[in-house]
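Scroll down for the structure; my scribbles are underneath it.
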Amino acid sequence: MSHRFTRRSLMVAGGIAPLAALSACAEDAPGSGVAIDNATGLELPNHTPPPEVDGAIISDVEGVPPGYEKLPADLITTVQSPPGDGSVLTEFKITWDAPAPPLEENLFWQSYNETLDVDYRPQIAPAANYDERLATLLAGGDLPDIVQLLDTAQSARAIRDGAFADLSPLLAGDAIDQWPNLATIREDQWRYVAYDGKIVGFPIDLPAYNNEFRYRRDWAEENGYPDPPANAEEFKELFVSFSKMGVDGRYGLSDAPGAAMVAASAMFGVPIGWRLENGSLTYHQETEEFEAALRFMTELWEEGAFHPDALALGSNVGQTLSMIPSGTVGLSWIATANWYTPGVYYDSLQEEPEGWTAFVPPQHEGDGAGLFGRSTGVFARVGISAQAAEDEERLGMLLDYCNYLRAPFGSEEHYFLHHGAEGDYYTRYGGGDPQPVEGANFAAEANQLTYGLSPVVYDFAGAADAIAVNEQYVNNSEMDPCAGLFSDAATTAQPQLEELFETYIHQIIVGNRPLSDLETYREQWRSRGGDDMRSEFEEALKARENGE
């Protein structure tokens, strides 16, 4: 994917970007001037499968989350005592939601401090300005205890410079047995959060494919389209028709490139990241498939499928997302769980059950499903600052804390992190289903505080349906062949390549540049760092193949 819709668009979608190409950088970086495989030399922690839970729905498709449509009657205990020591615990993290109420007005936060024996003081950055906030934080040098590190140049530099603790001595091999919940992290995930053969954090879990497309089936039926689009032409007709329904403020598509570009890329089979053939790499934007997808985007624009301010919406995360529940856009591409758990998207579906309906964008000629990007299973790292780790006793406490947050479904700890203390937001009698307390809003008060290390599961009514849809995406997905490789050139070139993408591709989509300018863009991309990335990745792939 391009830098533009690998990062910003995927963050708009509710956080699905895989950690696939975080880059080593600067002259004294390991492997400087080349891409490196940071799992090389890594001593993996032992893996312990999560405990089995009665009624689990386990897919045969690798990478699809397990499903649980109800809680087990009896919950297990995985942590014997509160992990904290009563001290202040700080964390920098990302959010896509409105700010949580402050501590004095937030019952869950108060209960969280008491239950975990911490004085939790998070710094929460909205997704739209995460990069800016992280850069400011890193420049200041005084880091919180724990930092959520997305795939950014700032993160790469900070990790390279030793801002985050090397946890290998404490976690490699059977040393991790002291933290059994952390031991449930899969070996492939450890490889993707490693740096230069060292464990520098924990993964924020991501399914093999995190999101799903939905469309307004009620609008479609009203316009004479009883079935989801079966090919690219039907896709275009459908979403153009939404914009032409005569309803003020209603459009088929919201932001550009946005979700529409993800769908177009899937329908025209654009390679995921890079195409690898006989040891040589071709960037996806250099392919005929990308040109076909871009041409399709221009057609969508010309025929009126997009909101007229589509480019501006592409940089306004909150406004773009708000158009989904407000009923002003006909296509959504957000994390699957949003449709099944309480929140604005769930509520909008309950109000109009015949509205937002899941579908899988088809191959452009109608020959099955499109091609989708398979994640590494990791959205981001959760690192412990090197400064906090200087105190061995405190480092142990922080590992205990992370172990608590990683508690598996079916445990007392997981239940608390997802329902709060008994009677505050939910009540549960005799091992039955939790019943919401009238007037309480757990999601608004708790989700920001607990987001991070919890294992990804579909723990909601309708999990079987969600799994069935997710299987279709995963069965038609591929992973970037350069996933897990770290490139100096990629980090160095990222800002100017993002700007180049906006200057050319964005403007081609909305008709301000001709499609023929794509070749000029490609030439500029190659000369401004693209060819350097290619060379570095090819060298790293060769080394990986040779077992170096």
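The values are calculated or read from the model by the stated rules, or taken from the named source; none is laboratory data. Please read all numbers here as calculations on a predicted model, not as lab measurements. When we count neighbours, we look across all protein chains shown, and the Cβ atoms used for this are built from the backbone with ideal geometry, even at glycine. These area figures cover heavy atoms from the full protein model, side chains too; ligands, DNA and RNA do not enter into them. Shrake-Rupley method; radii C 1.70, N 1.55, O 1.52, S 1.80 Å.
Summary of values
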item	result
Chain lengthening between LEU103 and MET245 when straightened (0.36 nm per residue, less Cα-Cα)	46.5 nm
Rg followed by Dmax, in Å, when the stretch 222-323 is reduced to its Cα trace	15.3, 53
Hull shadow area, averaged, the stretch 330-474 [alpha-carbon convex hull, nm²]	12.3 nm²
With all protein chains modelled, accessible area of MET245 [1.4 Å, Å²]	40 Å²
Cα gyration tensor shape of the stretch 129-202, rounded if a/c is under 1.5, else prolate or oblate by comparing a/b with b/c	prolate
Distance between modelled label sites at ALA56 and ALA464, nm, 7 Å Cα→Cβ extension	1.8 nm
Estimated distance in nm for a label pair at SER516 and GLU422, the labels positioned 7 Å out from Cα along Cα-to-Cβ	7.4 nm
Isotropic mean projected area of the C-alpha convex hull, the stretch 320-401 (nm²)	9.3 nm²
Dipole axis of the stretch 394-476 (+1 Lys, Arg; -1 Asp, Glu on Cβ), positive-most option in GLY420, SER454, ALA466	SER454
The stretch 404-543: radius of gyration over Cα atoms, expressed as a fraction of 2.2 N^0.38 Å	1.66
Solvent-accessible area, 1.4 Å probe, carbon plus sulfur percent, for the chain	45 percent
Chain lengthening between ARG186 and GLN435 when straightened (0.36 nm per residue, less Cα-Cα)	86.3 nm
Gyration tensor verdict on the chain (Cα atoms; rounded if a/c is under 1.5, prolate if a/b is larger than b/c, oblate otherwise)	oblate
Potential lengthening between GLU43 and GLU69 on full extension [0.36 nm per residue; Cα-Cα distance subtracted]	5.7 nm
Probe 1.4 Å, accessible area per residue of the chain, Å²	40 Å²
Accessible surface ranking that places the most exposed of GLU412, GLU91, GLU471 first, with a 1.4 angstrom probe	GLU412, GLU471, GLU91
Relative contact order (%) - criterion: Cα under 8 Å, at least six apart; region: the stretch 396-483	25 percent
Computed magnitude of the charge dipole of the chain (debye, nearest 20; Cβ of K, R +1, Cβ of D, E -1)	800 debye
Taking the stretch 403-548 and dividing mean pair separation by its residue count, relative contact order in percent (alpha carbons under 8 Å, at least six apart)	17 percent
Charge dipole (debye, nearest 20) of the stretch 312-398; +1 at Cβ of Lys and Arg, -1 at Cβ of Asp and Glu	180 debye
Distance from the stretch 329-392 to the stretch 253-279 (C-alpha centre basis), Å	16 Å
Solvent accessible area, Å² - HIS47, 1.4 Å probe, full protein context	80 Å²
Cα gyration tensor, the stretch 269-342 - rounded (a/c under 1.5), prolate or oblate	oblate
The chain, relative contact order in percent, only Cα pairs under 8 angstrom and at least six apart counted	30 percent
Segments 72-78, 237-243 sorted - mean Cβ within 10 Å per residue, highest first	237-243, 72-78
